[in-house]
Amino acid sequence: MLSTRDAHDLYRLTNDSRSYLKKWLPWLDYTKTEEDSLEFIKSTFYTYNNRKGITAGIFCQNELVGVVGFNHLDFTNNIGTIGYWLGEDYQGKGIMTKAVSGLITYGFDDLQLNRIEIRVATGNNPSRAIPERLQFTQEGILRQAERLENQYVDHILYSMLKSEWSQK
């Protein structure tokens, strides 16, 4: 999990990749200072302590390169929804596929989830490649599921069931 000491590095990573990430992450408009990154990290403690979500940093050689987590956890139905982003300089190296794969295993084995979802904007091909590479099932399109840059975009809903993951 991220800690408050990661606020500086998180803000730096966010800011350095801002123009690249802005197309797909609406919260960038609200991350203008290191204090904003610190407040985000503090909010992740609340969601973790209340079993509503888990947010983790992705570190390569002790350097923060991205964020991955369960943005939403539903223990009534044993469903987790994964979200992720990676700094621009770290794209295309297999880092995110490995991080998401580890989170999926954690979700099924440790959290006892039955279903894991990933929702991705239809035009975000690099992000779509992750669930497709991990052999998630594409279930359908969620119409106008997110507002990005003053327009609504559709999401593709991907899912993986515990029984399918254990067969891999």
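Only the coordinates and a few stated rules stand behind these numbers; no lab work does. Since the model is a prediction, treat every value here as computed from it, not as a measurement. FYI the Cβ positions are ideal-geometry reconstructions off the backbone, even for glycines, and counts take in every protein chain you see.
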Legend entry - Inter-label distance for E164 and F59, nm, one decimal - labels placed 7 Å from Cα along Cα-to-Cβ: 3.3 nm
Inset, instruction - Calculate, for N77 and S3, the FRET efficiency according to 1/(1 + (r/R0)^6) with r their C-beta to C-beta distance and R0 22 Å; round to the nearest 0.05. - result: 0.15
Legend entry - Entry for Rg and Dmax of the Cα atoms in Å (calculated from the structure that is shown) out of [x] 18.3, 54; [y] 15.5, 44; [z] 18.6, 64: [y]
Inset, instruction - Distance between Cα centroids, the stretch 141-158 to the stretch 58-79: provide it in whole Å. - result: 21 Å
Inset, instruction - Please report, in debye to the nearest 20, how large the charge dipole of the chain is about its Cα centre when each Lys and Arg carries +1 at its beta carbon and each Asp and Glu carries -1 there. - result: 300 debye
Inset, instruction - Would you mind working out the magnitude of the charge dipole of the stretch 26-103 relative to its Cα centre, with +1 at each Lys and Arg C-beta and -1 at each Asp and Glu C-beta, to the nearest 20 Debye? - result: 400 debye
Legend entry - Gain upon complete extension [E139, D29; 0.36 nm per residue less C-alpha separation]: 36.6 nm
Inset, instruction - Determine, from the Cβ-Cβ distance of K93 and N150 and an R0 of 30 Å, the FRET efficiency 1/(1 + (r/R0)^6), rounded to the nearest 0.05. - result: 0.40
